[in-house]
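Colleague: Take a look at the following structure, please.
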Amino acid sequence: MNHLIQAAVKVDKDIILQTFKNLQDDICQKIELLDGSARFHEDQWDRPGGGGGRARVIENGLVFEKGGVNFSHVYGALPETMSAGLKLPSGHEFLATGVSIIMHPVNPYVPIIHMNVRYFEMSNGDKWFGGGIDLTPIYVDEQQADYFHRSIKRLCDQHDPNYYPAFKEWADRYFYIKHRQETRGIGGIFFDRLRVDENTSIEKLFDFVKDVGDSFVPIYSQLVEENKHKTYGEAEKEWQYVRRSRYAEFNLVYDRGTKFGLDTNGRIESIFMSLPPQAKWLYNYQVQPGSMEARTLSLLKKDVDWIKE
């Protein structure tokens, strides 16, 4: 959508809804081109209590074993569990909309990627944006990690130089699997409850969120092209399945989006769309010292400075 046209229009929930729908359409078209074979299947769904969404899933492609690009727009009475979490009395209404993306590639050298942008509005007038983008390589390549984080930092710096360090640290803390004592991947940025204040308008916040959404395809396309033709065997696929199991553990135990979907009686197929098509939980799995797998595990830590000078 033309940013100059957008700038002349007061940002409201209708503008945000249409922009998120357009983002879903654009990303799906470009992911299909990137895969070169598979196409998205769409399910439109309605939520009891208000709203619904468009779930789009791609499967069994040349590049992507499974992926989803979901749009949702739900509203109604705020569930008691969420009222308590927000420290609000019962009886409030809410509106939430967003786009959520997860891609599980075929080739173990192509990293898993996740992105979401979202908007939340309360009947008491409170409203905010959230979202982020993060990368989960099966095998961590430090040069590609530098590219990923450098790209995100460049995006953030165009809006506020404080964004990248703050949101990168937030991602390191958020995407941490406490029971494994390791990060889910190499992080990225994560932000929530970005509100209007004396220094920031809703238009400025929305421009930032739109740029996060628009960054997905350019950033990920380069990583896909660099890795999709690399050769691999059974050992690499088994490691991929093990790492996917850690991804699933995070989403089922810690992920806020999963909890929000369940708390608001969302569509379960859309909520669990993020889970990989195949994963393995091998008892007491150990990597070989000095292996690529061991190197990857050694890098799954908080507070790594991935950008090399």
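The values are calculated or read from the model by the stated rules, or taken from the named source; none is laboratory data. Being a predicted model, the structure only gives us computed values, none of them experimental. With ideal geometry, Cβ positions are generated from the backbone for all residues, glycine too; neighbour counts draw on all protein chains shown. For accessibility, only protein heavy atoms count, side chains too; no ligands or nucleic acids. Shrake-Rupley method; radii C 1.70, N 1.55, O 1.52, S 1.80 Å.
Colleague: Let me know the charge dipole size of the stretch 100-195 about its Cα centre in debye, to the nearest 20, where only the beta-carbon of Lys, Arg (+1) and Asp, Glu (-1) is charged.
Modeller: Here the stretch 100-195 has a charge dipole of around 200 debye.
Colleague: I would also like to ask the following. Given +1 on the Cβ of Lys and Arg, -1 on the Cβ of Asp and Glu, and no further charges, what dipole in debye does the stretch 24-93 carry about its Cα centre, rounded to the nearest 20?
Modeller: 160 debye
Colleague: Using a probe of 1.4 angstrom, how much of the accessible area of the chain is carbon and sulfur, in percent?
Modeller: Looking at the chain in its full context, I get 50 percent from C and S.
Colleague: Ok, one more. Which ³J(HN,Hα) values, rounded to whole Hz and listed in residue order, are derived for the stretch 116-124 from phi using the Karplus coefficients 6.51, -1.76 and 1.60 in 6.51 cos²θ - 1.76 cosθ + 1.60 with θ = phi - 60°, glycine and proline given as x?
Modeller: The phi angles translate into 8, 10, 8, 9, 10, 9, 10, 5, 7 Hz.
Colleague: I'd like to know which of Trp128, Leu223, Val242 lies farthest towards the positive end of the charge dipole of the chain, counting +1 on Cβ of Lys and Arg and -1 on Cβ of Asp and Glu.
Modeller: Positive-end residue among those listed: Val242.
Colleague: Measuring from label point to label point, each 7 Å out along Cα→Cβ, what is the Gln222 to Arg39 span in nm?
Modeller: Spacing of the two 7 Å Cα→Cβ label points: 3.2 nm.
Colleague: How large is log10 I(q)/I(0) at q = 0.12, 0.16 Å⁻¹ when the Debye formula is applied to the Cα atoms of the stretch 66-214, each weighted equally and without solvent?
Modeller: After summing over all Cα pairs, the log10 values are -0.58, -0.98.
Colleague: Further question: Would you be so kind as to identify all helices of the chain, as entire DSSP H runs, whose Cα atoms reach 27 Å or more along the helix's own axis and whose mean Kyte-Doolittle hydropathy is at least 0.0?
Modeller: Helices passing the filter in the chain: 202-227.
Colleague: Rolling a 1.4 Å sphere over the protein heavy atoms, what is the accessible area per residue of the chain, to the nearest Å²?
Modeller: Per residue, the chain has 47 Å² of solvent-accessible surface.
Colleague: Probe radius 1.4 Å, ligands and nucleic acids left out: which of Arg244, Arg295, Arg56 has the largest accessible area, and how do the rest follow?
Modeller: My answer, sorted largest first, is Arg295, Arg56, Arg244.
Colleague: Further question: Please report the relative contact order for the stretch 112-263, taking Cα pairs under 8 Å with a sequence separation of at least 6, and give it as a percent rounded to a whole number.
Modeller: 27 percent
Colleague: Just list whichever of Lys30/Lys228; Lys153/Lys308; Lys228/Lys301; Lys66/Lys280; Lys21/Lys153; Lys66/Lys228 have alpha carbons separated by over 18 Å in the model shown.
Modeller: From Lys30/Lys228; Lys153/Lys308; Lys228/Lys301; Lys66/Lys280; Lys21/Lys153; Lys66/Lys228, over 18 Å: Lys228/Lys301; Lys21/Lys153.
Colleague: Dipole size in debye (nearest 20) for the stretch 227-309 around its Cα centre, Lys and Arg Cβ +1, Asp and Glu Cβ -1?
Modeller: 100 debye
Colleague: Here's a follow-up. What residues have an amide H closer than 5 Å to that of Leu62, excluding those fewer than 5 places away on the same chain, when H is modeled at 1.01 Å from N in the peptide plane?
Modeller: When sequence neighbours closer than 5 places are left aside, the close amide H contacts are Ser37, Ala38.
Colleague: Here is a follow-up. What does the extension gain come out to for His179 and Ala166, with contour length at 0.36 nm per residue minus their alpha carbon separation?
Modeller: 2.2 nm
Colleague: Match the structure shown to one of the listed values [x] 19.1; [y] 16.5; [z] 24.1 of mean projected area of the Cα convex hull in nm², computed from it, and give that label.
Modeller: Derived directly from the coordinates: [y].
Colleague: OK, next. Can you tell me the FRET efficiency between Ser298 and Ala84 if r is taken as the Cβ-Cβ distance and R0 is 41 Å, rounded to the nearest 0.05?
Modeller: Efficiency for this residue pair is about 0.55.
Colleague: A further question follows. Run the numbers on the chain and let me know its relative contact order in percent, using alpha-carbon pairs under 8 Å that are six or more apart.
Modeller: Result for the chain is 17 percent.
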